[in-house]
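Below: the structure, in structure tokens.
The values are calculated or read from the model by the stated rules, or taken from the named source; none is laboratory data. Small disclaimer: the values here were computed from a predicted structure and weren't measured. A quick note on method: Cβ atoms are made from the backbone with ideal geometry, for glycine too, and the neighbour counts reach across all protein chains shown.
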Amino acid sequence: MLGRGTSRDRGRRTSDGGQATAELAVAIPSLILVLLIAIWVVSAVSVQARCAEAARIGARAAARGETDEMVRTWAGRAAPQGSTISVSHAMDSVIVQVRFQARATGVLAGLAPPIEITMSSTAPAEAAENITQDFTTSSQ
């Protein structure tokens, strides 16, 4: 009676020889590509948060009555380098918009399309008139 693993079965190759190596050769580059894409998406979300914060900073400055140039300066300090900042005035509000085009670098540069990130913030404009207060005292 022959049992399992006898000397007769030991030299025989199975039909799946090398399959694990082939699967690994495909899986590792795919895993690395997915990891790179995930890192790129996280960095794009980070840039989006910076654009939103820059728009809020600009809107607060504009609401205080700062000039458009000063608003762009304040927003530009918080925005990613290369951003486009626009300021528009509505009836009694100010809208600051920050645009940035995020592009992938390295291996993903040819694979991933650029992402247009646009964030805006609106703030009510404060009264622009200078209110003069009369501090005269009346003598009795």
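One table, with the values for the structure above:
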| item | result |
| --- | --- |
| Pairs where the first residue, in the stretch 36-59, is surrounded by fewer than 19 Cβ atoms within 10 Å (Cβ to Cβ) and the second is assigned to a helix (DSSP H, G or I) and among the small types (Gly, Ala, Ser), C-beta under 6 Å, 6+ apart | Glu53/Ala78 |
| Check on Gln48, in a helix (DSSP H, G or I) and more than 16 Å from Ala125 (Cα to Cα) | yes |
| Lone unmet requirement of (1) within 9 Å of the chain's Cα centre (by Cα); (2) farther than 18 Å from Ala79 by Cα for Arg50 | (2) |
| Residues (out of contact with any Cys (no Cβ under 9 Å at 6 or more places or on another chain), hydrophobic (A, V, I, L, M, F, W, C) and surrounded by 14 or more Cβ atoms within 10 Å (Cβ to Cβ)) located in the stretch 79-103 | Ile85, Val87, Val94, Ile95, Val96, Ala102 |
| The stretch 95-133: number of residues that are at pLDDT below 80, of a type in the set (A, V, I, L, M) and farther than 30 Å from Ser30 by Cβ | 3 |
| Selected residue [assigned to a strand (DSSP E or B) and either among the aromatic types (Phe, Trp, Tyr) or at pLDDT 90 or above (or both)] from Val87, Val71 | Val87 |
| Number of positions in the stretch 96-124 that are small (Gly, Ala, Ser) and assigned to a loop (DSSP other than H, G, I, E, B) | 2 |
| Residue within the stretch 76-83 that is of a type in the set (Ser, Thr, Tyr), more than 30 Å from Trp40 (Cβ to Cβ) and in contact with a helix residue (DSSP H, G or I) (Cβ under 9 Å, 6 or more places away or on another chain) present | no |
